[in-house]
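J.: The structure that follows is given in the form of structure tokens.
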Amino acid sequence: MTRSEQLFDAAQRVLPGGVNSPVRACRSVGTYPRFLDRGLGSHVWDVDGNEYIDLIGSWGPLILGHCREEVERAVLDAVKKGLSFGAPTAAEVEMAELVCQMTGVEMVRMVNSGTEAVMSALRLARGATGRSKIIKFAGCYHGHSDSMLVKAGSGALTGGAPDSAGVPKEIAGDTLTASYNDLASVEGLLNANPGQVAAVIVEPVAANMGVVPPQPGFLQGLRKLCDESGALLIFDEVITGFRLAPGGAQEYYGVRADLVTYGKIIGGGMPVGAYGGSRKLMELVAPLGPVYQAGTLSGNPVAMAAGLAQLRILKNNPEIYTELERKGALLEEGLKDALSGIPVQVNRVGSLLTVFFTEQPVTGYDQARSSDLTRFRQWYHGLLSRGIYAAPSQFEALFLSSAHTDTEIRRIIAAAGEIFQ
């Protein structure tokens, strides 16, 4: 028995399912999780000493790879001063200024996770509009707050139970579900609930039912529908923020949202999140306004140090994004060629990518769910056995970092070509 198997056996006695986040259990691919020990650049090592090319990158935040020297040094320097104060620090002011400069939001509030950022942004939207209903999209995942666990993606979709027990019907009833890339479904819900919808929340690039790009005009259409109905438009940029461009999906697609949520990447791998928007909206948040939100660990100095180091590198080196686009295209085209003998769709936006095992183009939730999960399982195990650490779910993204080399990308392509021979 491997050390990972031993740890998983022990974990199942003290952790629900042996994990602290469901998709990590690897149930959908019929194996045990590999317990990781360390990472460097584009590689990780498990507790049994196996080395892998990492295509997860902590689910997105490690856009510079593991243990980037500048980020590591900033964290170590911050730790020497103290782990937490529950009081303001200079670093959180610098972080807020940098986020505002890069994204165009006017004010930002730091929180501790993407889930908390979304929960807080929804509360703000309801407080600002005096309305209660929210429109989300089937297959989009916005964290595990009650109102967002309705036809959710990510681990909820992988587990086959997109709605969670423990969510009151009264709360779920205020969450209306539209179809991603289908403006008519949004318009229909707005018309059926006049003056009641506080916000439309969307992943500008869906990445929790697998990567599904917005069709041309979709995000622009959402902006128009929200303007006409008085609802706020919320971009959940927990995955796309600072990954697609310095200004995230707002910059990449040229569409401005009223509120934006961030997570993962602004902590450089540390637990962190944020939400931001116009000064008018954000001044409704306590202590200035009536919308309450608080957190002892918000603006944690260690997380701020890591995030500042990473974001400064991204801001000052725009060529990183050009290279990520080139590497993403190299991987996309290579996988299409390597897998041309089977029904497959390779969806990509920038450095985000998913291989769907289905004949039909994947433009939304229903098409994503048509994927052959048996074939995906073969894909996952084939990559793992060839030293490539990928998401253990059809409905997740693969993430490239600036640390991945062309040689590694070609190795991934070669491995893909061998799996279904």
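The values are calculated or read from the model by the stated rules, or taken from the named source; none is laboratory data. Nothing here was measured: the structure is a model prediction, and the numbers come from that model. For neighbour counting, all protein chains shown are included, and Cβ atoms are generated from backbone atoms with ideal geometry for every residue, glycine included. Heads up: the accessible areas ignore ligands, DNA and RNA and are worked out on the full protein's heavy atoms, side chains in. Shrake-Rupley method; radii C 1.70, N 1.55, O 1.52, S 1.80 Å.
J.: Taking segment 284-305, which residues are part of a helix (DSSP H, G or I) and of a type in the set (A, V, I, L, M, F, W, C)?
T.: Taking segment 284-305 as the starting set, the residues that turn out to be part of a helix (DSSP H, G or I) are 301-305.
Answer for segment 284-305, where residues must be part of a helix (DSSP H, G or I) and of a type in the set (A, V, I, L, M, F, W, C): Val302, Ala303, Met304, Ala305.
J.: Does Ala414 count as in contact (Cβ under 8 Å) with a residue 12 or more places away in the chain, surrounded by fewer than 17 Cβ atoms within 10 Å (Cβ to Cβ) and hydrophobic (A, V, I, L, M, F, W, C)? Walk me through it before giving the result.
T.: Working: in contact (Cβ under 8 Å) with a residue 12 or more places away in the chain: yes; surrounded by fewer than 17 Cβ atoms within 10 Å (Cβ to Cβ): yes; hydrophobic (A, V, I, L, M, F, W, C): yes.
The answer is yes for Ala414.
J.: Is one or more of the residues making up segment 315-334 of a type in the set (Asp, Glu), in contact (Cβ under 8 Å) with a residue 60 or more places away in the chain and in a helix (DSSP H, G or I)? Can you show your working first?
T.: Here is the first cut: in segment 315-334, the residues of a type in the set (Asp, Glu) are 319, 323, 325, 332-333.
From what's left, in contact (Cβ under 8 Å) with a residue 60 or more places away in the chain: 323.
From what's left, in a helix (DSSP H, G or I): 323.
Taking every residue of segment 315-334 in turn, at least one turns out to be of a type in the set (Asp, Glu), in contact (Cβ under 8 Å) with a residue 60 or more places away in the chain and in a helix (DSSP H, G or I).
J.: Would you pick out the residues in segment 105-146 that are of a type outside the set (A, V, I, L, M, F, W, C), open to solvent by 10 Å² or more (accessible area, probe 1.4 Å) and part of a helix (DSSP H, G or I)? Spell out the reasoning first.
T.: If we filter segment 105-146 for residues that are of a type outside the set (A, V, I, L, M, F, W, C), which is where we start, we get 106, 109, 112-116, 120, 123, 126-127, 129-133, 136, 139, 141-146.
Next, from what is left, pick out any that are open to solvent by 10 Å² or more (accessible area, probe 1.4 Å): 106, 109, 112-116, 123, 126-127, 129-133, 141, 144-146.
Matches in segment 105-146: Gly114, Thr115, Glu116, Arg123, Arg126, Gly127, Thr129, Asp146.
J.: I need every pair where a residue in segment 237-255 that is under 14 Å from Gly104 (Cα atoms) has its Cβ under 6 Å from the Cβ of a residue that is of a type in the set (D, E, K, R) and surrounded by 24 or more Cβ atoms within 10 Å (Cβ to Cβ), sequence separation at least 6 or different chains.
T.: From residues that are under 14 Å from Gly104 (Cα atoms), the pairs are Gly248/Glu237; Ala249/Glu237.
J.: Something else: Can you pull out every residue in segment 376-386 that is surrounded by 15 or more Cβ atoms within 10 Å (Cβ to Cβ) and either in contact with an Asp or Glu (Cβ under 8 Å, 6 or more places away or on another chain) or over 13 Å from Gly30 (Cβ atoms) (or both)?
T.: Selection gives Gly382, Leu383, Arg386.
J.: OK, next. Select, from Leu36, Leu40, Leu7, Leu15, the only residue that is over 27 Å from Asp372 (Cβ atoms) and touching a His at 6+ places or on another chain (Cβ under 6 Å). Walk me through how you get there before you give the answer.
T.: Details: Leu36 fails: touching a His at 6+ places or on another chain (Cβ under 6 Å); Leu7 fails: touching a His at 6+ places or on another chain (Cβ under 6 Å); Leu15 fails: touching a His at 6+ places or on another chain (Cβ under 6 Å).
Every option except Leu40 fails the conditions.
J.: I'd like the residue in segment 165-216 that is among the small types (Gly, Ala, Ser) and closer than 29 Å to Asp372 by Cα and, out of all such residues, is surrounded by the most Cβ atoms within 10 Å (Cβ to Cβ). Can you show your working first?
T.: The initial filter retains those residues of segment 165-216 that are among the small types (Gly, Ala, Ser), namely 165-166, 172-173, 178-179, 184-185, 188, 192, 195, 198-199, 206-207, 210.
Next cut, closer than 29 Å to Asp372 by Cα only: 165, 178-179, 184-185, 206-207, 210.
Details: Ala165: 6, Ala178: 23, Ser179: 18, Ala184: 10, Ser185: 18, Ala206: 34, Ala207: 30, Gly210: 31.
The selected residue is Ala206.
J.: Search segment 8-27 for residues being crowded, with 17+ Cβ neighbours inside 10 Å and over 20 Å from the mean Cα position of the chain (by Cα), and hand back the single one that is farthest from Arg377 (Cα to Cα).
T.: Ala11
J.: Testing Leu308 on (1) within 20 Å of Pro204 (Cα to Cα); (2) in a helix (DSSP H, G or I), one condition comes back false. Which one is that?
T.: Condition not satisfied by Leu308: (1).
J.: Still on this structure, I have one more. Please state which of the following conditions Ala403 fails to meet, knowing it meets all the rest: (1) closer than 24 Å to Gly247 by Cα; (2) without any contact (Cβ under 8 Å) to a residue 40 or more places away in the chain; (3) assigned to a loop (DSSP other than H, G, I, E, B).
T.: Of (1) closer than 24 Å to Gly247 by Cα; (2) without any contact (Cβ under 8 Å) to a residue 40 or more places away in the chain; (3) assigned to a loop (DSSP other than H, G, I, E, B), only one is false for Ala403: (2).
Yes or no, residue by residue, for (1) touching a residue at least 24 places away in the same chain (Cβ under 8 Å); (2) assigned to a helix (DSSP H, G or I):
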site	(1), (2)
Met1	no, no
Glu5	yes, yes
Arg34	yes, no
Ile63	yes, no
Gly86	yes, no
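J.: If we keep just the residues of segment 28-76 that are of a type in the set (Asp, Glu) and open to solvent by less than 50 Å² (accessible area, probe 1.4 Å), which is nearest to the chain's Cα centre (by Cα)?
T.: Of everything passing the filter in segment 28-76, Asp54 is nearest to the chain's Cα centre (by Cα).
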